[in-house]
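Have a look at the structure below, then the notes.
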Amino acid sequence: MSDDVENNHEQNSVPNDQSLNTTDDISTVRRRNLNRVNESSDKNEQPQPMIEEIDETTSTTTTTSTTTTNNNNNNKNTNPETKEQENTEEEKESNNQFECNICFDDVSEPVVTQCGHLFCWSCIFQWLQYNASQQCPVCKAPVTEEKLIPIYGRGSNATDPRKNRSIPQRPPGRPEQVRPNQNNSNRTYPDVFGANQWNTQFGNVSISAGFGLFPGLFGLHFYQQNNNNNNSINNNGRPQNSADFESLLLSRIFFAIGIIILFFILVN
Amino acid sequence: MSKTDSSVTKRLQSELMALMMASSPGISAFPDGDNMFNWTGTIQGAAGTVYEGMEFKMSLKFPTDYPFKPPTVKFETSCFHPNVDPQGTICLDILKEKWSPIYNVRTLLLSIQSLLGEPNNDSPLNTYAASIWENQEEYKKVLVKKYHEATGITISTA
């Protein structure tokens, strides 16, 4: 058994010692991260601050010199010094600036999170399906599909389009703000109730901003219709009734305010 | 299915490349034969810890939805440690609920390596190991004995 172990180790450690090639990069950095991350995770703490810290340093270093990493080997598992870390990160950056954080390959259909981490659309989409807490894999910041920003390079169509049919289209750029509604429908259904409410509320607000007095009535109208639809879909009457009631109340209040304003205008 | 399989294989290959190219003191890993989904690794106890001079064989099994799900990592060489049970199962948050696809074989093995020297004694799988951890001399004595039983290798307790 022990022989086995020895052999195995030698096999793999030999190239390790020799190689300080350009690709020292990611893994060294990750190791460092993890070393530190792990220290904290042992104590049941969140590993994220460490990673975040590293990321910050990576993003600040853009230029590189390839010869700087040679002393990395010596410091094995003892506390890595920040300078050294920066060196390895610089190298990492130079080689892997546009690799997806999930598949470790060049990004296809790149999207970036609000926290600035780059992923393939299909990769981050799948991760969000698996990860109940909807966190960025790199820094654990909250990530939602709507807030992902697609990146369009010049001639970017050359890269492989949607490989997997079960993965919906990449969300559109921010200015459009329209939700992707083609393939997504099955995914959004579970929270249809919430989504509808938001939409109508949204509509309500925008109308009332535009037209003044009528909106309350119109908003109410739409709202009730939607709620009725919902009622027929899922027999969950209660919250909708209370929502109905609220909207009714709100519209009455608006109506009253409108009348008062109108009254003042007339009086003046 | 085969498509996802090939993307998993691709990622595992890139991990293997990185592992071979870069220096990773005290750890190593390699696929078992042609099967990229099963790897065997080794971890050496870090210098300055009671595990110094010991080497542990690990098995890593990757699910078909890797890296969205963590690999199953186990000690193949029996390891006396507060967070390792007799079957070699490891209690480590990043192998479970804290898993993130940015981790890889290398970072996992290094995490486990540092777990050896810094156990989480609050949630032990091996309560005996956890209870004597504070007394490092006694711990080392037991550890060396258990390691000898597992591997036949004798390590001085000095």
Using only Cα atoms and rounding to the nearest 10 degrees, what angle (0 to 90) does helix B:136-151 make with the longest principal axis of chain B? 60 degrees
Loss of accessible area when B meets A, both sides summed, Å² nearest 100, probe 1.4 Å: 4300 Å²
Order the following by accessible area, largest value first: B:D93, B:D65. Probe radius 1.4 Å; ligands, DNA and RNA are ignored. B:D65, B:D93
Expressed as a whole percentage, what fraction of the accessible surface of segment A:95-155 belongs to carbon and sulfur atoms when a 1.4 Å probe is rolled over the protein heavy atoms? 50 percent
Inter-label distance, nm, simple model (7 Å from Cα along the C-beta direction), A:D106/A:I259: 6.9 nm
Indicate the residues belonging to segment A:93-138 that lose 50 Å² or more of solvent-accessible heavy-atom surface (probe 1.4 Å) upon moving from the chain alone to the assembly of all protein chains, ignoring ligands and nucleic acids. A:I102, A:F104, A:W127, A:Y130
Whole-percent carbon and sulfur share, accessible surface of chain B, 1.4 Å: 53 percent
B:K74 - accessible surface, heavy atoms, 1.4 Å probe, Å² rounded to 10: 70 Å²
Find the relative contact order for segment A:95-155 and round it to a whole percent, using C-alpha pairs within less than 8 Å whose residues are 6+ positions apart. 33 percent
Å² per residue, accessible surface of segment B:3-151 at 1.4 Å: 39 Å²
Name all residues of segment B:45-89 having a backbone nitrogen under 19 Å from the label point set 7 Å from the Cα of B:S156 along its Cα→Cβ direction, giving them as ranges. B:45-55
So for R0 = 35 Å, FRET eff. of A:R252-A:K147 from the Cβ-Cβ r, to 0.05, ends up at 0.45
Tell me, what is the FRET efficiency for A:N268 and B:Q13 to the nearest 0.05, using R0 = 60 angstrom and their Cβ-Cβ distance as r? 0.15
Once you keep just the Cα pairs under 8 angstrom separated by 6 or more residues, what percentage relative contact order results for segment B:3-151? 20 percent
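The values are calculated or read from the model by the stated rules, or taken from the named source; none is laboratory data. Because the structure is predicted, anything quoted here is derived from the model rather than measured. All Cβ positions, even for glycine, are placed from backbone atoms using ideal geometry, and neighbour counts span all protein chains on display. Protein only, heavy atoms only, side chains kept; ligands, DNA and RNA dropped before computing areas. Shrake-Rupley method; radii C 1.70, N 1.55, O 1.52, S 1.80 Å.
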